[in-house]
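Here the structure comes first, spelled out in C-alpha coordinates, and everything after it is commentary.
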Amino acid sequence: MARRIMHVDLDAFFVSVEQVLNPELKGKLVVVGGKADRRGVVAAASYEARKYGLHAGMPLVTASRLCPQAIFIEGNFTKYREASKRFMAILADFSPYLEPMGLDEAFLDVTGFESIHGSIKQMAAAMKRRVREELGLCVSVGIAGGKVVAKVASDQSKPDGLLEVPEGGDKAFLAPLPVGTLPGIGKKTERVLTGLGIRTIGQLATLPISVLKGHFGTYGTIVHNHANGIDDRKVEPRGEAKSISRETTFGEDIREGEMLTATLRYLSEKVGGSLRRQGKRARCVSVKLRYADFTTITRQTTLNQASDSDQAIFEAGCRLLKRELSGGKQSVRLIGIGVASLTQGQQLNLLDNGDIRMEKLNEAIDKIRQKYGFTAIQTGRTLLLKDIFPVK
Ligand code: DCP
Ligand code: CA
(Lines give C-alpha, C1' and ligand atoms only; values in the text may rest on other atoms or scores of the structure.)
(Ligands and ions follow the chains in the order given, each with its own letter.)
Protein backbone atom coordinates (compact mmCIF):
# COMPACT_ATOMS: atom_id res chain seq x y z
CA MET A 1 0.00 0.00 0.00
CA ALA A 2 1.32 3.46 -0.91
CA ARG A 3 2.41 5.48 2.11
CA ARG A 4 0.38 8.52 3.15
CA ILE A 5 2.27 10.96 5.34
CA MET A 6 0.73 14.03 6.90
CA HIS A 7 2.59 17.15 8.04
CA VAL A 8 0.73 19.48 10.36
CA ASP A 9 1.99 22.91 11.38
CA LEU A 10 0.22 25.58 13.44
CA ASP A 11 -0.04 28.99 11.78
CA ALA A 12 1.88 31.91 13.36
CA PHE A 13 2.10 29.79 16.50
CA PHE A 14 3.27 32.17 19.26
CA VAL A 15 1.18 35.02 17.87
CA SER A 16 -1.93 32.85 17.61
CA VAL A 17 -1.61 31.72 21.24
CA GLU A 18 -1.35 35.36 22.30
CA GLN A 19 -4.46 36.14 20.23
CA VAL A 20 -6.43 33.35 21.88
CA LEU A 21 -5.51 34.70 25.31
CA ASN A 22 -6.23 38.29 24.29
CA PRO A 23 -8.80 38.39 21.46
CA GLU A 24 -8.24 42.12 21.01
CA LEU A 25 -5.06 41.18 19.19
CA LYS A 26 -6.94 39.22 16.49
CA GLY A 27 -6.50 40.50 12.96
CA LYS A 28 -3.85 42.98 14.08
CA LEU A 29 -0.17 43.54 13.34
CA VAL A 30 1.40 41.49 16.11
CA VAL A 31 5.02 40.57 16.77
CA VAL A 32 6.22 38.21 19.52
CA GLY A 33 9.87 38.39 20.55
CA GLY A 34 10.24 41.49 22.69
CA LYS A 35 9.58 45.17 22.89
CA ALA A 36 10.44 47.18 19.81
CA ASP A 37 13.39 48.92 21.44
CA ARG A 38 15.00 45.71 22.65
CA ARG A 39 17.94 43.85 21.27
CA GLY A 40 16.82 40.52 19.92
CA VAL A 41 14.84 39.14 17.05
CA VAL A 42 11.29 38.50 15.95
CA ALA A 43 10.15 35.01 17.04
CA ALA A 44 6.80 35.16 15.27
CA ALA A 45 4.88 37.72 13.25
CA SER A 46 1.16 37.68 12.45
CA TYR A 47 0.28 37.16 8.78
CA GLU A 48 -0.92 40.79 8.72
CA ALA A 49 2.53 41.93 9.88
CA ARG A 50 4.27 39.66 7.36
CA LYS A 51 2.79 41.82 4.60
CA TYR A 52 5.24 44.51 5.75
CA GLY A 53 8.15 42.12 5.25
CA LEU A 54 8.43 41.06 8.90
CA HIS A 55 9.58 37.51 9.54
CA ALA A 56 11.08 35.29 12.25
CA GLY A 57 14.74 35.99 12.87
CA MET A 58 14.55 39.66 11.86
CA PRO A 59 16.06 42.05 14.43
CA LEU A 60 13.32 43.77 16.44
CA VAL A 61 14.72 47.20 15.55
CA THR A 62 14.35 46.46 11.83
CA ALA A 63 10.82 45.16 12.40
CA SER A 64 9.79 48.31 14.25
CA ARG A 65 11.27 50.46 11.50
CA LEU A 66 9.37 48.58 8.78
CA CYS A 67 6.17 48.44 10.78
CA PRO A 68 6.12 50.94 13.68
CA GLN A 69 2.39 50.49 14.26
CA ALA A 70 2.78 46.78 15.11
CA ILE A 71 2.06 45.58 18.65
CA PHE A 72 5.25 44.09 20.13
CA ILE A 73 4.83 41.41 22.81
CA GLU A 74 7.45 39.80 25.03
CA GLY A 75 5.88 36.37 24.93
CA ASN A 76 5.81 33.57 27.44
CA PHE A 77 7.30 30.19 26.70
CA THR A 78 5.29 28.40 29.39
CA LYS A 79 2.03 29.29 27.62
CA TYR A 80 3.36 28.05 24.29
CA ARG A 81 4.51 24.79 25.81
CA GLU A 82 1.07 24.27 27.34
CA ALA A 83 -0.66 24.93 23.99
CA SER A 84 1.81 22.58 22.32
CA LYS A 85 1.00 19.75 24.73
CA ARG A 86 -2.72 20.07 24.06
CA PHE A 87 -2.12 20.24 20.31
CA MET A 88 -0.01 17.06 20.32
CA ALA A 89 -2.65 15.29 22.44
CA ILE A 90 -5.28 16.00 19.77
CA LEU A 91 -2.98 14.70 17.02
CA ALA A 92 -2.29 11.55 19.01
CA ASP A 93 -6.03 10.80 18.88
CA PHE A 94 -5.75 10.53 15.10
CA SER A 95 -2.70 8.31 14.69
CA PRO A 96 -0.32 6.55 17.07
CA TYR A 97 2.39 7.05 14.45
CA LEU A 98 3.07 10.61 15.51
CA GLU A 99 6.44 12.32 15.39
CA PRO A 100 6.45 15.81 16.95
CA MET A 101 8.97 18.20 15.42
CA GLY A 102 9.43 21.01 17.88
CA LEU A 103 6.43 22.60 19.53
CA ASP A 104 4.01 23.30 16.71
CA GLU A 105 4.74 20.75 13.99
CA ALA A 106 4.40 17.03 13.59
CA PHE A 107 4.44 14.25 11.06
CA LEU A 108 1.83 11.51 11.16
CA ASP A 109 1.85 8.27 9.25
CA VAL A 110 -1.78 7.85 8.22
CA THR A 111 -1.35 5.04 5.69
CA GLY A 112 -4.55 3.01 5.53
CA PHE A 113 -6.51 5.34 7.83
CA GLU A 114 -9.08 6.35 5.21
CA SER A 115 -11.60 3.71 6.20
CA ILE A 116 -11.99 5.26 9.66
CA HIS A 117 -12.48 8.80 8.43
CA GLY A 118 -13.89 8.40 4.92
CA SER A 119 -10.75 9.75 3.26
CA ILE A 120 -7.39 11.05 4.43
CA LYS A 121 -8.51 14.52 3.45
CA GLN A 122 -11.61 14.21 5.61
CA MET A 123 -9.38 13.02 8.43
CA ALA A 124 -7.28 16.18 8.05
CA ALA A 125 -10.41 18.33 7.99
CA ALA A 126 -11.64 16.72 11.23
CA MET A 127 -8.25 17.34 12.81
CA LYS A 128 -8.30 20.99 11.77
CA ARG A 129 -11.79 21.36 13.22
CA ARG A 130 -10.80 19.91 16.59
CA VAL A 131 -7.71 22.09 16.87
CA ARG A 132 -9.81 25.15 16.07
CA GLU A 133 -12.69 24.27 18.42
CA GLU A 134 -10.60 23.11 21.36
CA LEU A 135 -7.60 25.43 21.14
CA GLY A 136 -8.79 28.30 18.93
CA LEU A 137 -5.73 27.77 16.70
CA CYS A 138 -5.39 27.35 12.94
CA VAL A 139 -3.33 24.49 11.60
CA SER A 140 -2.16 23.86 8.05
CA VAL A 141 -1.92 20.31 6.77
CA GLY A 142 0.00 18.73 3.90
CA ILE A 143 -0.53 15.14 2.76
CA ALA A 144 1.87 13.28 0.44
CA GLY A 145 3.81 10.06 -0.04
CA GLY A 146 6.78 11.12 2.10
CA LYS A 147 7.86 13.58 4.77
CA VAL A 148 9.59 16.16 2.64
CA VAL A 149 6.72 16.63 0.17
CA ALA A 150 4.14 16.61 2.97
CA LYS A 151 6.05 19.45 4.60
CA VAL A 152 6.29 21.45 1.38
CA ALA A 153 2.55 20.88 0.85
CA SER A 154 1.64 22.23 4.30
CA ASP A 155 3.94 25.24 3.78
CA GLN A 156 2.34 25.96 0.42
CA SER A 157 -1.17 25.70 1.85
CA LYS A 158 -0.61 28.28 4.64
CA PRO A 159 -2.43 29.89 6.32
CA ASP A 160 -5.31 27.64 7.41
CA GLY A 161 -4.59 25.32 4.50
CA LEU A 162 -5.18 21.71 3.57
CA LEU A 163 -3.34 20.35 0.55
CA GLU A 164 -3.25 16.74 -0.55
CA VAL A 165 -0.76 15.68 -3.21
CA PRO A 166 -2.33 12.78 -5.12
CA GLU A 167 -0.70 9.36 -4.80
CA GLY A 168 2.30 9.12 -7.10
CA GLY A 169 2.24 12.88 -7.73
CA ASP A 170 5.01 14.00 -5.36
CA LYS A 171 7.65 14.70 -8.00
CA ALA A 172 5.26 16.56 -10.31
CA PHE A 173 3.99 18.63 -7.39
CA LEU A 174 7.49 19.85 -6.53
CA ALA A 175 8.66 20.46 -10.10
CA PRO A 176 7.37 24.04 -10.68
CA LEU A 177 8.26 25.33 -7.18
CA PRO A 178 11.34 27.51 -6.60
CA VAL A 179 14.35 25.58 -5.18
CA GLY A 180 14.20 27.62 -1.95
CA THR A 181 10.90 25.98 -0.99
CA LEU A 182 12.62 22.59 -0.58
CA PRO A 183 13.49 22.05 3.12
CA GLY A 184 17.25 22.07 3.59
CA ILE A 185 17.88 24.52 0.78
CA GLY A 186 18.89 27.70 2.59
CA LYS A 187 19.81 31.05 1.12
CA LYS A 188 23.43 30.04 0.58
CA THR A 189 22.60 26.82 -1.27
CA GLU A 190 20.00 28.69 -3.27
CA ARG A 191 22.68 31.13 -4.45
CA VAL A 192 24.95 28.27 -5.51
CA LEU A 193 22.07 26.71 -7.46
CA THR A 194 21.08 30.00 -9.10
CA GLY A 195 24.70 30.23 -10.21
CA LEU A 196 24.21 26.89 -11.97
CA GLY A 197 21.07 28.23 -13.66
CA ILE A 198 18.79 26.14 -11.43
CA ARG A 199 15.67 27.95 -10.28
CA THR A 200 12.95 25.32 -9.90
CA ILE A 201 12.92 22.03 -8.01
CA GLY A 202 12.14 20.36 -11.35
CA GLN A 203 15.41 21.65 -12.78
CA LEU A 204 17.23 20.58 -9.63
CA ALA A 205 15.80 17.08 -10.04
CA THR A 206 17.44 16.69 -13.45
CA LEU A 207 20.97 17.53 -12.23
CA PRO A 208 23.17 14.43 -12.11
CA ILE A 209 23.98 13.30 -8.56
CA SER A 210 27.67 13.68 -9.35
CA VAL A 211 27.23 17.42 -9.92
CA LEU A 212 25.33 17.83 -6.66
CA LYS A 213 27.92 15.76 -4.80
CA GLY A 214 30.61 18.03 -6.22
CA HIS A 215 28.89 20.99 -4.60
CA PHE A 216 27.31 19.55 -1.47
CA GLY A 217 29.30 16.40 -0.69
CA THR A 218 27.27 13.45 0.59
CA TYR A 219 24.37 15.84 1.22
CA GLY A 220 24.08 16.01 -2.60
CA THR A 221 22.41 12.59 -2.76
CA ILE A 222 19.74 13.67 -0.28
CA VAL A 223 19.11 16.89 -2.22
CA HIS A 224 18.76 14.84 -5.40
CA ASN A 225 16.32 12.38 -3.86
CA HIS A 226 14.19 15.04 -2.23
CA ALA A 227 14.03 17.09 -5.43
CA ASN A 228 12.73 13.93 -7.12
CA GLY A 229 10.11 13.48 -4.42
CA ILE A 230 11.93 10.47 -3.01
CA ASP A 231 11.94 10.31 0.78
CA ASP A 232 11.62 6.98 2.58
CA ARG A 233 12.28 8.33 6.07
CA LYS A 234 9.89 6.78 8.55
CA VAL A 235 7.65 8.64 10.95
CA GLU A 236 9.28 7.82 14.27
CA PRO A 237 7.09 8.02 17.34
CA ARG A 238 9.02 9.52 20.24
CA GLY A 239 9.16 6.60 22.61
CA GLU A 240 10.74 4.36 20.01
CA ALA A 241 13.76 6.51 19.28
CA LYS A 242 16.77 4.34 18.58
CA SER A 243 19.03 7.32 18.79
CA ILE A 244 18.88 10.87 20.10
CA SER A 245 20.77 13.77 18.61
CA ARG A 246 20.92 17.53 18.62
CA GLU A 247 22.66 19.79 16.14
CA THR A 248 23.27 23.45 15.56
CA THR A 249 24.02 25.56 12.53
CA PHE A 250 26.23 28.55 13.17
CA GLY A 251 25.35 32.03 11.99
CA GLU A 252 28.80 32.17 10.42
CA ASP A 253 31.21 29.36 9.70
CA ILE A 254 33.37 28.76 12.78
CA ARG A 255 37.04 27.91 13.18
CA GLU A 256 37.65 28.43 16.90
CA GLY A 257 37.97 25.11 18.70
CA GLU A 258 36.84 26.75 21.92
CA MET A 259 33.55 27.85 20.40
CA LEU A 260 32.95 24.38 18.96
CA THR A 261 33.68 22.76 22.31
CA ALA A 262 31.32 25.12 24.13
CA THR A 263 28.55 24.36 21.66
CA LEU A 264 29.23 20.66 21.98
CA ARG A 265 28.86 21.00 25.74
CA TYR A 266 25.49 22.69 25.30
CA LEU A 267 24.24 20.05 22.85
CA SER A 268 25.52 17.21 25.08
CA GLU A 269 23.41 18.55 27.93
CA LYS A 270 20.35 18.53 25.72
CA VAL A 271 21.00 14.97 24.58
CA GLY A 272 21.71 13.90 28.18
CA GLY A 273 18.47 15.55 29.30
CA SER A 274 16.47 13.67 26.66
CA LEU A 275 18.06 10.38 27.66
CA ARG A 276 17.19 10.88 31.32
CA ARG A 277 13.64 11.93 30.52
CA GLN A 278 13.18 8.69 28.60
CA GLY A 279 14.90 6.70 31.33
CA LYS A 280 17.52 5.45 28.90
CA ARG A 281 21.27 5.07 28.74
CA ALA A 282 23.52 5.03 25.70
CA ARG A 283 26.59 3.05 24.70
CA CYS A 284 27.44 4.86 21.49
CA VAL A 285 28.29 8.55 21.01
CA SER A 286 28.70 10.25 17.65
CA VAL A 287 29.71 13.69 16.49
CA LYS A 288 28.60 15.25 13.22
CA LEU A 289 30.32 18.13 11.47
CA ARG A 290 29.37 19.91 8.31
CA TYR A 291 32.20 21.96 6.87
CA ALA A 292 31.92 25.22 4.94
CA ASP A 293 31.93 23.29 1.64
CA PHE A 294 29.03 21.10 2.87
CA THR A 295 31.15 17.99 3.34
CA THR A 296 29.49 16.24 6.23
CA ILE A 297 31.22 13.69 8.43
CA THR A 298 30.19 11.65 11.42
CA ARG A 299 32.58 9.97 13.82
CA GLN A 300 31.58 7.59 16.55
CA THR A 301 32.89 5.89 19.60
CA THR A 302 31.70 3.41 22.21
CA LEU A 303 31.56 4.12 25.92
CA ASN A 304 32.95 1.55 28.35
CA GLN A 305 29.66 1.59 30.15
CA ALA A 306 26.19 2.75 29.08
CA SER A 307 25.61 6.23 30.45
CA ASP A 308 23.07 9.03 30.64
CA SER A 309 25.40 11.68 31.99
CA ASP A 310 25.99 14.97 30.18
CA GLN A 311 29.63 14.83 31.16
CA ALA A 312 30.26 11.32 29.75
CA ILE A 313 28.57 12.22 26.47
CA PHE A 314 30.44 15.51 26.24
CA GLU A 315 33.84 13.99 27.01
CA ALA A 316 33.42 11.27 24.38
CA GLY A 317 32.20 13.88 21.87
CA CYS A 318 35.11 16.12 22.70
CA ARG A 319 37.65 13.38 22.01
CA LEU A 320 36.05 12.75 18.62
CA LEU A 321 36.00 16.45 17.84
CA LYS A 322 39.65 16.98 18.80
CA ARG A 323 40.76 14.04 16.69
CA GLU A 324 38.80 15.31 13.70
CA LEU A 325 39.96 18.91 14.02
CA SER A 326 43.60 17.96 14.45
CA GLY A 327 43.65 17.55 10.68
CA GLY A 328 43.40 21.37 10.47
CA LYS A 329 40.39 21.25 8.19
CA GLN A 330 38.32 24.21 7.06
CA SER A 331 35.72 26.05 9.10
CA VAL A 332 32.58 24.40 10.43
CA ARG A 333 29.00 25.41 9.64
CA LEU A 334 27.14 22.77 11.64
CA ILE A 335 27.98 20.67 14.67
CA GLY A 336 25.90 17.91 16.21
CA ILE A 337 26.17 15.19 18.82
CA GLY A 338 24.13 12.03 19.07
CA VAL A 339 23.82 8.87 21.13
CA ALA A 340 22.74 5.40 20.02
CA SER A 341 22.71 1.77 21.25
CA LEU A 342 20.16 2.79 23.85
CA THR A 343 19.25 0.59 26.76
CA GLN A 344 16.54 1.04 29.34
CA GLY A 345 18.33 2.82 32.18
CA GLN A 346 17.25 3.18 35.76
CA GLN A 347 13.86 4.40 36.72
CA LEU A 348 12.85 7.85 35.55
CA ASN A 349 14.37 10.31 37.96
CA LEU A 350 11.51 12.63 38.68
CA LEU A 351 13.67 14.82 40.84
CA ASP A 352 16.14 15.26 38.02
CA ASN A 353 17.05 18.87 38.48
CA GLY A 354 16.11 20.38 35.15
CA ASP A 355 16.06 23.95 36.45
CA ILE A 356 19.64 23.96 37.56
CA ARG A 357 20.71 22.39 34.29
CA MET A 358 18.78 24.98 32.34
CA GLU A 359 20.48 27.75 34.28
CA LYS A 360 23.85 26.26 33.50
CA LEU A 361 22.90 26.07 29.83
CA ASN A 362 21.82 29.66 29.70
CA GLU A 363 25.05 30.70 31.37
CA ALA A 364 27.03 28.75 28.77
CA ILE A 365 25.14 30.38 25.91
CA ASP A 366 25.54 33.83 27.43
CA LYS A 367 29.28 33.26 27.68
CA ILE A 368 29.52 32.24 24.04
CA ARG A 369 27.46 35.21 23.02
CA GLN A 370 29.45 37.68 25.11
CA LYS A 371 32.56 36.45 23.45
CA TYR A 372 31.43 35.90 19.88
CA GLY A 373 28.29 38.02 19.51
CA PHE A 374 24.60 37.32 19.82
CA THR A 375 24.11 35.64 16.48
CA ALA A 376 27.10 33.32 16.90
CA ILE A 377 24.69 30.49 17.60
CA GLN A 378 21.56 29.95 15.58
CA THR A 379 20.20 26.54 16.28
CA GLY A 380 17.15 25.24 14.57
CA ARG A 381 14.85 27.01 16.84
CA THR A 382 14.82 25.43 20.24
CA LEU A 383 17.83 27.36 21.42
CA LEU A 384 16.44 30.60 20.13
CA LEU A 385 13.17 29.94 21.85
CA LYS A 386 14.78 29.26 25.17
CA ASP A 387 16.96 32.33 24.88
CA ILE A 388 14.02 34.56 24.36
CA PHE A 389 11.69 32.80 26.75
CA PRO A 390 13.77 31.28 29.52
CA VAL A 391 12.05 28.14 30.80
CA LYS A 392 10.95 28.63 34.38
N1 DCP B 1 10.25 30.58 16.27
C2 DCP B 1 11.26 31.33 16.86
N3 DCP B 1 12.34 31.74 16.11
C4 DCP B 1 12.41 31.44 14.79
C5 DCP B 1 11.39 30.68 14.16
C6 DCP B 1 10.32 30.28 14.96
O7 DCP B 1 11.20 31.60 18.05
N8 DCP B 1 13.46 31.87 14.08
C9 DCP B 1 9.09 30.16 17.09
C10 DCP B 1 7.95 31.15 16.96
C11 DCP B 1 6.96 30.48 16.05
C12 DCP B 1 7.21 29.01 16.33
O13 DCP B 1 8.59 28.91 16.68
O14 DCP B 1 5.64 30.90 16.30
C15 DCP B 1 6.90 28.12 15.15
O16 DCP B 1 7.74 28.44 14.05
P17 DCP B 1 7.26 28.39 12.56
O18 DCP B 1 8.44 28.48 11.69
O19 DCP B 1 6.34 27.24 12.37
O20 DCP B 1 6.50 29.78 12.37
P21 DCP B 1 5.04 30.23 12.76
O22 DCP B 1 4.27 29.13 13.40
O23 DCP B 1 5.16 31.48 13.57
O24 DCP B 1 4.41 30.63 11.37
P25 DCP B 1 3.93 29.70 10.16
O26 DCP B 1 2.48 30.02 10.00
O27 DCP B 1 4.72 30.16 8.98
O28 DCP B 1 4.18 28.28 10.53
CA1 CA C 1 4.12 27.05 12.49
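Provide a single number: the residues in the stretch 115-128 that are open to solvent by 30 Å² or more (accessible area, probe 1.4 Å) and touching a residue at least 40 places away in the same chain (Cβ under 8 Å).
Qualifying residue count for the region: 1.
Only one of (1) within 30 Å of Gln344 (Cβ to Cβ); (2) assigned to a strand (DSSP E or B); (3) at pLDDT below 90; (4) open to solvent by 30 Å² or more (accessible area, probe 1.4 Å) is not met by Thr248, so which one is it?
(4)
Which one is nearest to ligand 1 (Cβ to nearest atom), of the residues in the stretch 91-125 that are small (Gly, Ala, Ser) and within 26 Å of the chain's Cα centre (by Cα)?
Gly102
Only one of these is of a type outside the set (S, T, N, Q) and farther than 16 Å from Leu10 by Cβ: Leu135, Leu98, Leu182, Leu103. Name it.
None of the others qualify; the one that does is Leu182.
Regarding Lys188, is this residue on the phi < 0 side of the Ramachandran plot, outside any loop (DSSP other than H, G, I, E, B), at pLDDT 95 or above and of a type in the set (Lys, Arg)?
no
Looking at the structure I just gave you, is Leu163 in contact (Cβ under 8 Å) with a residue 12 or more places away in the chain and within 16 Å of ligand 1 (Cβ to nearest atom)?
So Leu163 fits the description; yes.
Given (1) surrounded by 19 or more Cβ atoms within 10 Å (Cβ to Cβ); (2) over 23 Å from Phe14 (Cβ atoms), where does Phe87 come up short, assuming only one miss?
So the condition that Phe87 fails would be (2).
So for the stretch 212-231 (the condition being among the polar types (S, T, N, Q), buried (at least 19 other Cβ atoms within 10 Å of the Cβ) and not in a helix (DSSP H, G or I)), does at least one residue qualify?
no
Can you tell me which residue within the stretch 1-44, out of those that are modelled with pLDDT under 95 and outside the structural domain of Leu137 (by TED's automatic domain parsing), is most open to solvent (accessible area, probe 1.4 Å)?
Met1
All but one of (1) crowded, with 19+ Cβ neighbours inside 10 Å; (2) under 18 Å from the mean Cα position of the chain (by Cα); (3) within 14 Å of ligand 1 (Cβ to nearest atom); (4) in a helix (DSSP H, G or I) hold for Val131, so report the exception by its number.
Only one criterion is unmet by Val131, namely (2).
What is the one condition in (1) over 18 Å from the mean Cα position of the chain (by Cα); (2) surrounded by fewer than 17 Cβ atoms within 10 Å (Cβ to Cβ) that Ser243 does not satisfy?
If we test Ser243 against (1) over 18 Å from the mean Cα position of the chain (by Cα); (2) surrounded by fewer than 17 Cβ atoms within 10 Å (Cβ to Cβ), just (1) comes out false.
The values are calculated or read from the model by the stated rules, or taken from the named source; none is laboratory data. What you are looking at is a predicted structure, and each value in this text was computed from that prediction instead of being measured. Glycine gets a Cβ as well: all are built from the backbone with ideal geometry, and neighbour counts include every protein chain shown. Remember, those area values only see protein heavy atoms, side chains included, never the ligands or the DNA or RNA. Shrake-Rupley method; radii C 1.70, N 1.55, O 1.52, S 1.80 Å.
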